[in-house]
Amino acid sequence: MKLVIWIVLVATPIELMAQPNLVRSCEKCHGVEGINNNPIFPNLRGQNKGYLISTLNDFKTGNRQNQIMTSIAGTLSDDDIEMISKYYSELK
């Protein structure tokens with residue numbers, strides 16, 4: 001039992017450290033914690049995780065077009081997309 005708790009405590013900070021680096025570029029347009037007052041950019045906070053994954057993958061593959069998002073999504077790994085989507089979907 002103690003080993004499981006220790007593993008969770010060790011793994012969690014690594015994820016939390018990685019998220020700010022990944023979401024920093026998102027915040028420029030989508031706002032801090034996924035909320036932006038500019039109607040040009042959609043809010044990401046609380047968005048459905050599956051929708052975010054699908055949308056980022058569509059930008060990455062070119063199935064959805066936006067010069068900025070295609071450029072950003074093209075640099076993301078599948079793990080990055082999963083982590084970003086999880087981060088924004090869990091914000092309430």
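Looking only at residues that are hydrophobic (A, V, I, L, M, F, W, C) and over 11 Å from Tyr88 (Cα atoms) in segment 17-52, which one is surrounded by the fewest Cβ atoms within 10 Å (Cβ to Cβ)? Steps first, please.
Of the residues in segment 17-52, the ones hydrophobic (A, V, I, L, M, F, W, C) are 17-18, 22-23, 26, 29, 32, 35, 40-41, 44, 52.
If we keep only those that are over 11 Å from Tyr88 (Cα atoms) too, we end up with 17-18, 22, 29, 40-41.
Numbers: Met17: 9, Ala18: 15, Leu22: 16, Cys29: 15, Ile40: 6, Phe41: 15.
Checking each candidate, the answer is Ile40.
When residues in segment 38-81 are screened for being touching a helix residue (DSSP H, G or I) at 6+ places or on another chain (Cβ under 7 Å) and among the charged types (D, E, K, R), 5 of them pass. Taken over segment 34-75, residues that are small (Gly, Ala, Ser) and in contact with a Cys (Cβ under 9 Å, 6 or more places away or on another chain) amount to 1. Residues in segment 30-70 that are of a type outside the set (S, T, N, Q), assigned to a helix (DSSP H, G or I) and either within 13 Å of the chain's Cα centre (by Cα) or modelled with pLDDT under 95 (or both): His30, Val32, Glu33, Gly34, Lys49, Gly50, Tyr51, Leu52, Ile53, Leu56, Ile68, Met69.
Of the numbered criteria (1) at pLDDT 95 or above; (2) over 11 Å from the mean Cα position of the chain (by Cα), the one Met1 fails is (1).
The values are calculated or read from the model by the stated rules, or taken from the named source; none is laboratory data. The structure displayed is predicted, hence computed values, not measured ones. Positions of Cβ are backbone-derived with ideal geometry, glycine not excepted, and every protein chain shown enters the neighbour counts.
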